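K.L.:
What follows is a structure written as structure tokens; I'll ask about it next.
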Amino acid sequence: LLYTAPFSKSLGGEGCSLLPHGHFWIASQRVVALGRVGPAAVEVKEGLINAIAVGDYRSFVLRRPLVDYGDAVIMPGLIDVHAHLDEPGRAEWEGFSTGTRAAAAGGITTLVDMPLNSFPSTVSEETLKLKVDAARDKLYVDVGFWGGLVPENALNPSKLESLLNAGVLGLKSFMCPSGINDFPMTNSTHIEEGLVTLAKYKRPLLIHAERIPDVVSDEELDGELDPRSYATYLKSRTPAWEESAVRDLKRAMKDTEVGGRSEGAHLHIVHLSDSKTTLELLKDAKHSGAKVTIETCPHYLAFSAEEVPDGDTRFKCSPPIRDAANKDNLWEALLDGHIDMLSSDHSPSTPDLKLMEEGNFMKAWGGISSLQFVLPVTWSHGKKYGITLNQLASWWSEKPAELAGQKNKGSILPGYHADIVVWKPEVQFHLDDTHAVYHKHRNISAYIGKELSGKVLSTFVRGNLVFAEGKHAGAACGATILAK
Ligand SMILES: NC(=O)N[C@H]1NC(=O)NC1=O
Ligand SMILES: [Zn+2]
Ligand SMILES: [Zn+2]
């Protein structure tokens, strides 16, 4: 057979793929496609999915090469809409190369990078250009960018438009201090005004929805509490923070309804932790017709406050990981469709900022380091709740693709990008010192030391086999994704 796929840098360029073909089939007994799971073969041609042959493929796929993965699962690659890759400016925290290698090893084929934790923050056309330049030749998976909605641009439509015209997939803002000096928080007026501009572009606004409550409880003010105790951190950042933010978003959410001032815009609540009143308020807004979506993260679904050891700041994040009953409710809301999707919120820092020796929860950097493990973590913990492979594909691929406006990603369908993960749900592994971890700093991840099930065998990005059997492709051929 003669393979005539055009070899460009972003497709079958030198070293881009561990597989020397531009046109091939992959098959298994468990292909997650077309709303079902079953035997099928997927034809990959020039980076795209060309055809899907459903059924006993051995009898009709006569063409070669065929990679038969047996009973492994073939699923759309994961799309992580919430990762902090920190370049330029804080490459010592995480970077495009390390971060996207971790993604590829974890079955993630597309990332959308957050506008903060890098320096400068991505809040203008110029700073987006710095991001794109810093990413050049470092990406093992495809990467898009969120821009920042900050006071400096929120009330200035022409500034916002130049950021949107430059290609950010949407905007992100904080309703409380972000922990990053050049990323100040927004109030509800900034958000309402920003949404009007976003409506014209039909791109979403992602919101870190925590707000310091107007009335702070006495308990919260008690300065005598032990900063090494996780309970102290929990008391300092109660569900009332999430609730207060969402109450403050009431008008903004109403504006997104049909006939509203920012009809066409879309609010996306990142990393929901409070599964009680905050979730109820968001459900009400959805019911009344507001265009609102919700994500939560694997750490809120895997851990509970009761099991966070005192002094173990690897578990510090905001909003905090709450109690076991809260976790159960998050799973229930996810299974019922009230929570729409999952993301990593991979937000590492250098190990010194985690203050691991001191164990001070009040002063340590808040952020969970998890990018590479989100698939096995979701599966390992979700199994008990009866989750299905189709649900995984919806939470991790289809819904995130929709949020990020990626019309040809997120599903295994003819014409779509051949972004695919092949994995074995049943394989258990212990995340010990022998396990290869591609995060810049392995020791700050809360998952080290855990037993997980779900091993990634192969990851394809636009037909390039970028990770297989523990190895990455020789060249970084991921693309930057800019909105047009
Ligand atoms: N700046 C930043 O990454 N903050 C993140 N960390 C975290 O735990 N929650 C966040 O929003
Ligand atoms: Zn956040
Ligand atoms: Zn984040």
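K.L.:
Using θ = phi - 60° and the Karplus curve 6.51 cos²θ - 1.76 cosθ + 1.60, what whole-Hz ³J(HN,Hα) does each residue of the stretch 136-141 get, with Gly and Pro shown as x?
P.N.:
So the Karplus estimates, Gly and Pro as x, are 3, 6, 10, 9, 8, 9 Hz.
K.L.:
Name the residues whose placed amide hydrogens come within less than 5 Å of the amide hydrogen of Ala33, ignoring near sequence neighbours (fewer than 5 apart) on the same chain.
P.N.:
It is Gly38, by chain and number.
K.L.:
Moving to a separate point now. So with the 1.4 Å probe, I'd like the accessible area per residue for the stretch 54-103, rounded to whole Å².
P.N.:
On the way: 1710 Å² over 50 residues.
Dividing the accessible area of the stretch 54-103 by its residue count gives 34 Å².
K.L.:
Counting only residues 5 or more places away or on other chains, whose amide H sits under 5 Å from the amide H of Gly144 once H atoms are built in the peptide plane?
P.N.:
Amide H to amide H, under 5 Å and 5 or more residues apart or across chains, Gly144 pairs with Leu111, Val112, Asp113, Ile481.
K.L.:
Beyond 17 Å, what share of the Cα-Cα pairs of the stretch 294-418 is found? Please give it as a whole percent.
P.N.:
61 percent
K.L.:
Taking the mean number of other Cβ atoms within 10 Å as a proxy for protection, how do you rank 208-215, 21-28 from highest to lowest?
P.N.:
For the peptides 208-215, 21-28, the packing ranking is 21-28, 208-215.
K.L.:
Considering only DSSP beta bridges with both partners in the chain, what is the antiparallel share in %, to the nearest 5?
P.N.:
50 percent
K.L.:
Considering only protein heavy atoms and a 1.4 Å probe, what is the carbon-and-sulfur percentage of the accessible area of the chain?
P.N.:
Carbon and sulfur together cover 52 percent of it.
K.L.:
Shifting gears a bit: Output the pairs from Lys172/Lys450; Lys235/Lys354; Lys254/Lys399 with a Cα-Cα distance over 24 Å in this structure; if there are none, say none.
P.N.:
Cα-Cα > 24 Å for Lys172/Lys450; rest within.
K.L.:
Something else now. Relative contact order for the chain using alpha-carbon pairs under 8 Å, separation at least 6, rounded to a whole percent?
P.N.:
After rounding, I find 23 percent.
K.L.:
Same structure again: As an exercise, find the ratio Rg/Rh for the stretch 331-380 from alpha-carbon atoms, using the Kirkwood inverse-distance average for Rh. It would help to have the intermediate numbers written out before the result.
P.N.:
Numbers: Rg = 14.5 Å, Rh = 13.0 Å.
Taking Rh as the inverse mean 1/r over Cα pairs, Rg/Rh reads 1.12.
K.L.:
Among residues other than Pro400 whose Cβ falls under 15 Å from its Cβ, what is the net charge (Lys/Arg +1, Asp/Glu -1)?
P.N.:
The answer is -4.
K.L.:
Something else now. Please compute the alpha carbon radius of gyration of the stretch 393-484, then divide it by the globular-protein estimate 2.2 N^0.38 Å. Two decimals is fine.
P.N.:
So the stretch 393-484 has a normalised radius of gyration of 1.26.
K.L.:
Restricting to DSSP H runs of at least four residues, report the calculated mean residue ellipticity at 222 nm for the chain, -39500 (n - 2.57) per run over all residues, nearest 500 deg cm²/dmol.
P.N.:
-7000 deg cm²/dmol
K.L.:
Measure of size requested: the Rg and Dmax of the stretch 212-301, with Cα atoms as the atom set and Å as the unit; please supply both.
P.N.:
So, for the stretch 212-301, Rg and Dmax equal 15.8, 51 Å respectively.
K.L.:
Check Cys317: other-chain or 5+ apart residues with amide H under 5 Å from its amide H, H built from backbone geometry?
P.N.:
Here the answer is Gly367, since their amide H atoms fall under 5 Å of that of Cys317.
K.L.:
Read phi for every residue in the stretch 167-172 and hand back ³J(HN,Hα) as whole Hz from Karplus 6.51 cos²θ - 1.76 cosθ + 1.60, θ = phi - 60°, with x for Gly and Pro.
P.N.:
So the J values, rounded to whole Hz, are x, 5, 7, x, 10, 9.
K.L.:
Moving to a separate point now. Using θ = phi - 60° and the Karplus relation 6.51 cos²θ - 1.76 cosθ + 1.60, list the HN-Hα couplings for the stretch 78-93 in order, rounded to whole Hz, with x at every Gly or Pro.
P.N.:
So the J values, rounded to whole Hz, are 6, 10, 9, 8, 8, 9, 9, 9, 6, 10, x, x, 10, 4, 6, 7.
K.L.:
Just need the relative contact order of the stretch 339-477 here, percent rounded to a whole number, with Cα pairs under 8 Å and 6+ apart.
P.N.:
Here the relative contact order equals 24 percent.
K.L.:
Cross-link candidates for Lys440: which aspartates and glutamates have Cα within less than 14 Å, leaving aside residues fewer than 8 places away along the same chain?
P.N.:
Asp86, Glu87, Glu92, Glu94, Asp352
K.L.:
Okay, next question. Treat every Asp and Glu Cβ in the chain as -1 and every Lys and Arg Cβ as +1, leave all other atoms uncharged, and give the resulting dipole magnitude about the Cα centre to the nearest 20 debye. All intermediate terms of the calculation are to be shown ahead of the outcome.
P.N.:
Details: 50 positive and 61 negative charges, 376 e Å.
Around 1800 debye, computed over the chain.
K.L.:
Looking only at Cβ-Cβ distances, which cysteines of the chain have no other cysteine closer than 4.7 Å?
P.N.:
That list is Cys176, Cys297, Cys317.
K.L.:
Taking one equal scatterer on every alpha-carbon of the chain, how large is log10 of I(q)/I(0) by Debye at q = 0.07, 0.08, 0.13 1/Å?
P.N.:
Summing over Cα pairs of the chain leads to -0.34, -0.45, -1.23.
The values are calculated or read from the model by the stated rules, or taken from the named source; none is laboratory data. Fair warning: this is a prediction, and the values are worked out from it, not measured in the lab. Cβ sites come from the backbone with ideal geometry, for glycine too, and all protein chains shown count toward neighbours. Keep in mind that these areas ignore ligands, DNA and RNA; they rest on the heavy atoms of the full protein, side chains included. Shrake-Rupley method; radii C 1.70, N 1.55, O 1.52, S 1.80 Å.
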